[in-house]
1. Can you tell me which residue is farthest from residue 100 (Cα to Cα) among those in region 46-73 that are in contact with an Asp or Glu (Cβ under 6 Å, 6 or more places away or on another chain) and not aliphatic (A, V, I, L, M)?
2. Name, by its number, the condition in (1) modelled with pLDDT of 95 or more; (2) within 19 Å of residue 125 (Cβ to Cβ) that does not hold for residue 74.
3. Check residue 73 against each of (1) without any contact (Cβ under 8 Å) to a residue 40 or more places away in the chain; (2) among the small types (Gly, Ala, Ser); (3) surrounded by fewer than 19 Cβ atoms within 10 Å (Cβ to Cβ) and name the one condition it does not meet.
4. Of 175, 143, which residue is of a type outside the set (Asp, Glu), without any contact (Cβ under 8 Å) to a residue 40 or more places away in the chain and farther than 18 Å from residue 45 by Cβ?
5. Which residues, counting only those in region 137-186, are among the β-branched types (Val, Ile, Thr) and assigned to a helix (DSSP H, G or I)?
6. List pairs: first in region 148-159 and under 17 Å from residue 2 (Cα atoms), second in a helix (DSSP H, G or I) and not polar (S, T, N, Q), Cβ under 6 Å, 6+ apart or cross-chain?
7. I'd like to verify a number: residues in region 164-197 that are closer than 17 Å to residue 132 by Cα and more than 16 Å from the chain's Cα centre (by Cα), how many?
8. Does residue 195 fit the bill of being in contact with a strand residue (DSSP E or B) (Cβ under 9 Å, 6 or more places away or on another chain) and surrounded by fewer than 14 Cβ atoms within 10 Å (Cβ to Cβ)?
Amino acid sequence: VFKEDYAYLSSTSKTLCNHAESFVDYAIRHFNLDSSSFVVEIASNDGYLLEHLTKKNIPCLGVEPTKLAGSISKKKKINTLIKFFSLKISQEIVQNYKKPDLIIANNVLPHVPNINDFLKGLSFLISPEGVISIEFQHLLSLIKNNLWDTIYHEHYSYLSLDFLKNALNKFKLKIFDIQIITTHGGSLRVFLKKENSKRKVNQHIIDKILKEEKKY
């Protein structure tokens, strides 16, 4: 599906651009990002999110597999790898740059055929006290609200929190906080850390959502 002529550009959606800018402001405040930090976004599309970081002189790198979107991102002077993310690519990034303080992976996990390799790549890439932010449409919202029009061929899977929590255990990653957001009819923004990280865990919100899934 993601060939050279793949034409979806995130910056054409005003809602998505506002969503991205709001997230960047939140991340800078909560994760103390500055000119000494390093941020990687996976599936960075045309740079609609990373441009807000570059404006604030925060070093960043986009990983985007589609040529059209990746080229537009480069024209915005955003450092961009036009490749599919994988464990192998994460090793290349560490070799050529450094381990990031923040990894952003919005609306990409459902597109990935090999989730194990993807999560292994995240675990390898992130710095010891770094944060991984993943957004995905919540399976509970999809079923509960009958969102049949959000099911389409680009998605290999539809994710519950229970699935993600279990999958992360294999790669020594742990959920430490979650935000419930409105995109795609109801999504989760899940914050991950390395298993040994000292970041405080908001267990209440994790247990609440897991309980809702199980009950439904």
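1. 67
2. Only one criterion is unmet by residue 74, namely (2).
3. So the condition that residue 73 fails would be (3).
4. On the way: 143 fails: without any contact (Cβ under 8 Å) to a residue 40 or more places away in the chain.
Testing whether each residue is of a type outside the set (Asp, Glu), without any contact (Cβ under 8 Å) to a residue 40 or more places away in the chain and farther than 18 Å from residue 45 by Cβ leaves just 175.
5. Residues satisfying the conditions are 143, 150, 183.
6. Listed by first residue and then by second, the contacts come to 154/111; 155/110; 157/110.
7. We begin by selecting, within region 164-197, every residue closer than 17 Å to residue 132 by Cα; these are 164-181, 187-197.
Next, only the ones that are more than 16 Å from the chain's Cα centre (by Cα) stay: 166, 169-172, 195-197.
Number of matching residues: 8.
8. Spelling it out, residue 195 is indeed in contact with a strand residue (DSSP E or B) (Cβ under 9 Å, 6 or more places away or on another chain) and surrounded by fewer than 14 Cβ atoms within 10 Å (Cβ to Cβ).
The values are calculated or read from the model by the stated rules, or taken from the named source; none is laboratory data. Model, not experiment: these values are computed from the prediction. With ideal geometry, Cβ positions are generated from the backbone for all residues, glycine too; neighbour counts draw on all protein chains shown. Keep in mind that these areas ignore ligands, DNA and RNA; they rest on the heavy atoms of the full protein, side chains included. Shrake-Rupley method; radii C 1.70, N 1.55, O 1.52, S 1.80 Å.
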